[in-house]
Amino acid sequence: MCAGPGCTQPITARPTGRPARFCSTACRVKAHRQRERDRAPLTAEVDHGSASSRGRRPELAWLVRLRRADRSVIVAIGLSRTAADHLAEQIADLLD
Ligand SMILES: [Zn+2]
């Protein structure tokens, strides 16, 4: 079976040489990007959320986000800068 992320295409056996690992160039590229993402460090970011701050006082519109390469997830919103910095510091300690 193809080693591409999420791909279930069978690999046709080659008569000679190293057996193929991917069904297509697209799968090879996808797997390469995935490996790069997996190697990237996981970091905690503090940011001022504009879109998510509607109805919130601007001083309570800070957020904390976990990021690895181009992927991220917001773990807390509606914080003061101090609270956001503290949370990010705790996460960084945990990841260390
Ligand atoms: Zn594939």
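Throughout, read-outs are computed from the coordinates displayed, never taken from laboratory work. Every value quoted in this text rests on a predicted model; they were computed, and no experiment measured them. Backbone-built Cβ (ideal geometry, glycine too); neighbour counts: all protein chains shown.
A few notes on this one:
- Across all directions, the shadow cast by the convex hull of the chain built on its C-alpha atoms averages 8.7 square nanometres.
- Between LEU42 and LEU94, full extension at 0.36 nm per residue minus the direct alpha carbon distance yields a gain of 17.6 nm.
- Considered as an equivalent ellipsoid built on the Cα gyration tensor, region 14-66 has semi-axes of 46, 12, 5 Å, the largest given first.
- Trypsin sites (Lys or Arg not before Pro) within the chain, DSSP loop, no more than 15 other Cβ atoms inside 10 Å: ARG21, ARG54, ARG56
- Helical runs assigned H by DSSP (4 residues or longer) give the chain a calculated mean residue ellipticity at 222 nm of -10000 deg cm²/dmol, each run adding -39500 (n - 2.57) before division by the residue total.
- Scaled against 2.2 N^0.38 Å for its residue count N, the alpha carbon radius of gyration of region 48-95 is 1.15.
- The Cβ shell under 11 Å around ARG81 holds other residues with a net charge of -3, Lys and Arg each +1, Asp and Glu each -1.
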